[in-house]
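Read the figures in this text as sums done on the coordinates, not as results from a lab. The structure presented is a predicted model; accordingly, all values stated were derived computationally and were not measured. Glycine also receives a Cβ, built like all others from the backbone with ideal geometry; neighbour counts cover every protein chain displayed.
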Number of protein chains: 2
Amino acid sequence: MIDKKNMKILKILQEKARIPNAEVSRQVGLAPSAVLERIRKMENQGIIDGYEVRLNPERFSRKQVAFIEIMPQPDAHIPDLGEKLAAIADILEVHYTAGNDGFLLKVRTTDTETLGEMLQKKITTIDEVLSTRTITVLSTIKETSRITID
Amino acid sequence: MIDKKNMKILKILQEKARIPNAEVSRQVGLAPSAVLERIRKMENQGIIDGYEVRLNPERFSRKQVAFIEIMPQPDAHIPDLGEKLAAIADILEVHYTAGNDGFLLKVRTTDTETLGEMLQKKITTIDEVLSTRTITVLSTIKETSRITID
DNA sequence: GATTTCAGAAGAATGTAATTCTGTTTAAGT
DNA sequence: ACTTAAACAGAATTACATTCTTCTGAAATC
């Protein structure tokens, strides 16, 4: 189902998701109805997961990026801990990682101060959390969620 | 410029970016022309940065997430190294981090094997790279780029 | 090789939506 | 109160989305 035509459609949507269907159909050389049918199908099949607006974090006081490694208590219930972490505001990503059997979080806060507050008030207060290691980001060269689709 | 009405508009777009303007105008209680004007302005002011389609990585053989810490050579030219890393396919994020004065990368590959290939062929071959430490992700509990907008 | 079947595409029709423009209202600063 | 600029509504025009029917071509079946 991911043939050349769909690839072309997806590449267009990756560039600019809020583009009229009719414009897509022009660029891929299909009738609008055909494009619509293809997009609907990809949505239903879970190839397309949704459409997002990309906001400028700076304009919303979320300039500071940081990554936090979480070492859980030896007896911690890992899935529970994962859910607890995922529910905390401004924690954008929660990954369970190999090696140390811990979590890696990506967070976005206003500044290092609010980052520290989050650590102290929201994260280290969780019972299952044994210790943490924070990597603060000084500058970001690249940050996208666009995956390679060949 | 980021007032209550714009917040309402942005929240709607965060949920579902490919929503008709007319539908947004209904939900916020403004005329379609007013909503359009507000959105255009936010786009021009860089509050809205763009619109993206969210694809299912699994369907494009990009299931494996990993984070890679890069320790640069002491004499490395940091900006150059950052650009080199950012240009490599399947490296989605390149952050320059405090503490070790290194980079943290987020990558998406097919599996651990292709991850290993990338490391050996694309990353460790760069002169300025002294050493690396890879954190492979076993499972992801949460992964979003949606920032909190209060 | 003929025939059947079916997914995908086109095209037309209809109902909506996007966009532009104008005039009015609102709010802020003087 | 007066001025100025920004924001909004409403109408009109243009374009688009969506549905439905028909058609085509490629594979499967006989």
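So, A:GLU69, is that one within 16 Å of DNA strand D (Cβ to nearest atom), in contact with a strand residue (DSSP E or B) (Cβ under 9 Å, 6 or more places away or on another chain) and under 30 Å from A:LEU138 (Cβ atoms) or not? Spelling it out, it is not the case that A:GLU69 is within 16 Å of DNA strand D (Cβ to nearest atom), in contact with a strand residue (DSSP E or B) (Cβ under 9 Å, 6 or more places away or on another chain) and under 30 Å from A:LEU138 (Cβ atoms). You will find that of A:GLU43, A:GLU58, the residue that is within 16 Å of DNA strand D (Cβ to nearest atom) and free of Cβ contacts under 8 Å to residues at least 24 places away in the same chain is A:GLU43 and no other. In segment B:15-25, which residues are surrounded by 16 or more Cβ atoms within 10 Å (Cβ to Cβ) and of a type in the set (S, T, N, Q)? Once the filter is applied, which keeps residues that are surrounded by 16 or more Cβ atoms within 10 Å (Cβ to Cβ) and of a type in the set (S, T, N, Q), segment B:15-25 yields only B:SER25. Just so you know, in segment B:88-99 the residues that are in contact with a strand residue (DSSP E or B) (Cβ under 9 Å, 6 or more places away or on another chain) and within 10 Å of B:LYS122 (Cβ to Cβ) include one that is surrounded by the fewest Cβ atoms within 10 Å (Cβ to Cβ), and it is B:ILE88. Just to verify a result, which residue in segment B:108-138, among those that are closer than 13 Å to B:PHE67 by Cα and polar (S, T, N, Q), is nearest to the other protein chains (Cβ to nearest Cβ)? Going through the qualifying residues, I end up with B:THR136. Can you tell me which residue within segment A:26-38, out of those that are more than 8 Å from DNA strand C (Cβ to nearest atom) and surrounded by 15 or more Cβ atoms within 10 Å (Cβ to Cβ), is nearest to A:TYR51 (Cα to Cα)? Looking at the filtered set, the residue picked out is A:LEU36. Tell me, yes or no, whether segment B:62-77 has at least one residue that is more than 7 Å from chain A (Cβ to nearest Cβ) and within 16 Å of DNA strand C (Cβ to nearest atom). No; the residues of segment B:62-77 include none that is more than 7 Å from chain A (Cβ to nearest Cβ) and within 16 Å of DNA strand C (Cβ to nearest atom). Output the number of the condition that B:LEU105 fails; it satisfies all remaining conditions of (1) in contact with a Gly (Cβ under 8 Å, 6 or more places away or on another chain); (2) more than 7 Å from chain A (Cβ to nearest Cβ). All conditions pass for B:LEU105, except number (1). Checked against the criterion of being of a type in the set (A, V, I, L, M, F, W, C) and buried (at least 20 other Cβ atoms within 10 Å of the Cβ), the candidates B:ILE68, B:ILE12 yield just one match: B:ILE68.
Is it fair to say B:ILE126 is touching a Leu at 6+ places or on another chain (Cβ under 9 Å) and surrounded by fewer than 20 Cβ atoms within 10 Å (Cβ to Cβ)? Considered against the rule, which asks whether it is touching a Leu at 6+ places or on another chain (Cβ under 9 Å) and surrounded by fewer than 20 Cβ atoms within 10 Å (Cβ to Cβ), B:ILE126 comes out as yes.
Among (1) closer than 29 Å to B:ASN100 by Cβ; (2) surrounded by 19 or more Cβ atoms within 10 Å (Cβ to Cβ); (3) facing chain B (nearest Cβ under 9 Å), which single condition is A:VAL53 missing? Every condition holds for A:VAL53 apart from (1). For segment B:4-40, residues that are near DNA strand D (Cβ under 8 Å from one of its atoms) and either under 17 Å from A:ARG59 (Cβ atoms) or in contact with a strand residue (DSSP E or B) (Cβ under 9 Å, 6 or more places away or on another chain) (or both) total 2.
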